[in-house]
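> Once you've had a glance at the structure underneath, I'll fire off some questions.
The values are calculated or read from the model by the stated rules, or taken from the named source; none is laboratory data. Quantities reported herein were computed from a predicted structural model and do not represent experimental measurements. Quick reminder, even Gly has a Cβ in these numbers, built from the backbone with ideal geometry, and neighbours come from all protein chains shown.
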Amino acid sequence: MAEEIDVVVVGAGQAGLATSHELEQRGVEHVVLEADVPGSAWLRRWDSFTLVGQNHTVRLPGAPYAGGDPQGFMGRTEIAGHLDAWAGRLRAPVRSGCPVRRLQARDGGGFTLETDSGTVVSRVVVLSTGAYQRPHRPPAAASLPAGLPVVDLTGYRNPGSLPDGPVLVVGSGQSACQVAEELVLAGREVVMACGRAPWFPRRAGDRDVFEWLLDSPFFDQRVEDLPTEAARLGANPQLSGAAGGHDLNYRTLAALGVRLGGHLVGADDGVVRLAPDLEASVAAGDDGYRLLRGLVLGVCARQGVEPPDLPDPAPLGRPGVESVPVRELGSVLVAAGFRPDYTSWVQIPGLVDGQGFPVHDDGESVVAPDLHFVGVHYLRRRSSALLFGVGADAAVTATRIANRLGMPA
């Protein structure tokens with residue numbers, strides 16, 4: 001017999017816990033279903049993973065960072081521990097080890113959730129299953145020979161987890177650059193198939209880049225502000241929080257000995273081929289730098305402060321790699337971003353758009369009323385999935401649910 005629960009939150013990461021907190025504040029009884037344990041998604045990152053934003057940017061409702069190192073960068077186990085401790089303080093039950101295998105709409109309203117612990121029927125459901133659900137492999141990766149080990153970022157733990165030999169890193173965002181740096185510092189030969197990602201110095205003047213950008217409109221950007229909806233999938237600025245935080249971009253990687261090439265074209269005749277577009281990729285990253293520089297200078301103008309020194313970047317000054325014999329590679333690490341993955345388990349036609357993002361009205365599905373989303377990249381703004389932005393979205397959704405249930409919000 002199915003268990004009946006009025007409101008169910010699926011996922012106990014920062015989005016699900018923020019939603020639970022906000023529902024609790026409004027007196028909405030609910031249950032949180034978590035496939036593993038609270039915060040466990042962070043533990044699936046590689047061993048040396050750290051936040052890119054400083055610890056003080058962990059501004060979760062009811063669980064802001066309160067440690068002794070606000071300018072530092074928490075590692076994956078610290079982040080997971082912070083979320084797990086928060087879950088323990090919430091009144092709503094968090095059912096760990098309870099993955100939802102299938103969700104369907106019910107005739108007449110509400111939803112059926114099939115879990116490993118049985119069937120649940122709910123009037124309202126909030127999906128908070130994370131912004132990074134399914135690793136993306138560019139189509140060209142399908143041409144890589146079967147005998148060459150290919151690992152997605154979710155399968156990488158440390159340099160020793162990869163087969164011996166040189167590594168081809170495919171990707172251009174924060175994670176790709178961070179892993180490429182870790183590998184080359186561990187003594188591995190690294191070739192990088194580069195895409196187009198912005199970059200910015202870790203610090204500008206006496207402030208961290210996040211402090212500048214939080215004072216700018218950067219994180220308030222909405223999907224409709226983007227040149228195209230596909231821009232939602234653009235890479236985050238190249239940067240690192242490792243070793244206390246430092247600059248990380250194509251120039252710093254080249255200086256360490258990483259061999260840079262254009263984007264992955266594919267493999268044939270025993271050769272992996274990279275496009276001759278490294279110069280264009282670097283130029284696109286420099287355009288991103290100039291855009292971010294403009295935001296910083298705008299902050300300075302509004303606040304009436306002296307702008308930091310942010311000169312134009314010097315030319316990279318080296319040709320790109322265009323081919324690598326397969327026999328010279330030990331493995332390929334694909335770090336080309338992530339895509340949403342709702343349709344594999346949510347059986348509601350029309351739920352997502354062509355890129356897999358929910359089709360919604362202020363966080364509520366347009367095809368399934370009372371099905372809500374929190375923690376989706378660009379759900380309401382650029383910060384919607386981030387540790388300092390998800391709380392605002394959770395509050396809006398909790399208010400909407402409370403109003404729908406006829407409760408004071």
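> In the stretch 95-126, which residues are of a type in the set (Val, Ile, Thr) and either in a helix (DSSP H, G or I) or surrounded by fewer than 17 Cβ atoms within 10 Å (Cβ to Cβ) (or both)?
Narrowing the stretch 95-126 to residues of a type in the set (Val, Ile, Thr): 100, 112, 115, 119-121, 124-126.
Across the stretch 95-126, the qualifying residues are THR112, THR119, VAL121.
> Condition test on SER323, is it surrounded by 15 or more Cβ atoms within 10 Å (Cβ to Cβ) and among the polar types (S, T, N, Q)?
Details: surrounded by 15 or more Cβ atoms within 10 Å (Cβ to Cβ): no; among the polar types (S, T, N, Q): yes.
The answer is no for SER323.
> Let me ask another. Are there any pairs with C-beta distances below 7 angstrom linking a residue in the stretch 179-206 that is touching a residue at least 24 places away in the same chain (Cβ under 8 Å) and under 21 Å from ALA314 (Cα atoms) to a residue that is of a type in the set (D, E, K, R) and part of a loop (DSSP other than H, G, I, E, B), with the two at least 6 apart or on different chains, and if so which?
PRO201/ASP247; ARG202/ASP247
> Which of (1) touching a residue at least 24 places away in the same chain (Cβ under 8 Å); (2) among the hydrophobic types (A, V, I, L, M, F, W, C); (3) closer than 22 Å to ARG188 by Cα is the odd one out, the single condition PHE210 does not satisfy?
Status for PHE210: all satisfied but (3).
> Are any residues in the stretch 245-282 surrounded by fewer than 16 Cβ atoms within 10 Å (Cβ to Cβ), closer than 23 Å to PHE219 by Cα and of a type outside the set (D, E, K, R), and if so, which ones?
Selection gives HIS246 alone.
> In the stretch 365-399, which residues are among the hydrophobic types (A, V, I, L, M, F, W, C) and part of a helix (DSSP H, G or I)?
Pass one, the stretch 365-399, residues among the hydrophobic types (A, V, I, L, M, F, W, C): 366-368, 371, 373-374, 376, 379, 385-388, 390, 392, 394-396, 398.
Within the stretch 365-399, ALA385, VAL390, ALA392, ALA394, ALA395, VAL396, ALA398 meet the criteria.
> OK, next. Looking only at the stretch 79-94, count how many residues are buried (at least 16 other Cβ atoms within 10 Å of the Cβ) and under 18 Å from ALA41 (Cβ atoms). Steps first, answer last, please.
Just the residues of the stretch 79-94 that are buried (at least 16 other Cβ atoms within 10 Å of the Cβ), to begin with: 79-84, 86-87, 90, 92, 94.
Going one step further and asking which of them are under 18 Å from ALA41 (Cβ atoms), we end up with 79-84, 86-87, 90, 94.
Number satisfying all stated conditions: 10.
> Keeping to the stretch 357-383, report how many residues are of a type in the set (Gly, Ala, Ser) and either closer than 30 Å to VAL271 by Cβ or touching a residue at least 40 places away in the same chain (Cβ under 8 Å) (or both). Reasoning before the result, please.
We begin by selecting, within the stretch 357-383, every residue of a type in the set (Gly, Ala, Ser); these are 363, 365, 368, 375, 383.
Within this subset, residues satisfying the condition of being either closer than 30 Å to VAL271 by Cβ or touching a residue at least 40 places away in the same chain (Cβ under 8 Å) (or both) are 368, 375, 383.
Qualifying residue count for the region: 3.
> With respect to GLU78, determine if the residue is among the acidic types (Asp, Glu), more than 30 Å from ARG157 (Cα to Cα) and not assigned by TED's automatic domain parsing to the domain that holds ALA242. If you could, list the steps in order and put the result at the bottom.
On the way: among the acidic types (Asp, Glu): yes; more than 30 Å from ARG157 (Cα to Cα): no; not assigned by TED's automatic domain parsing to the domain that holds ALA242: yes.
The answer is no for GLU78.
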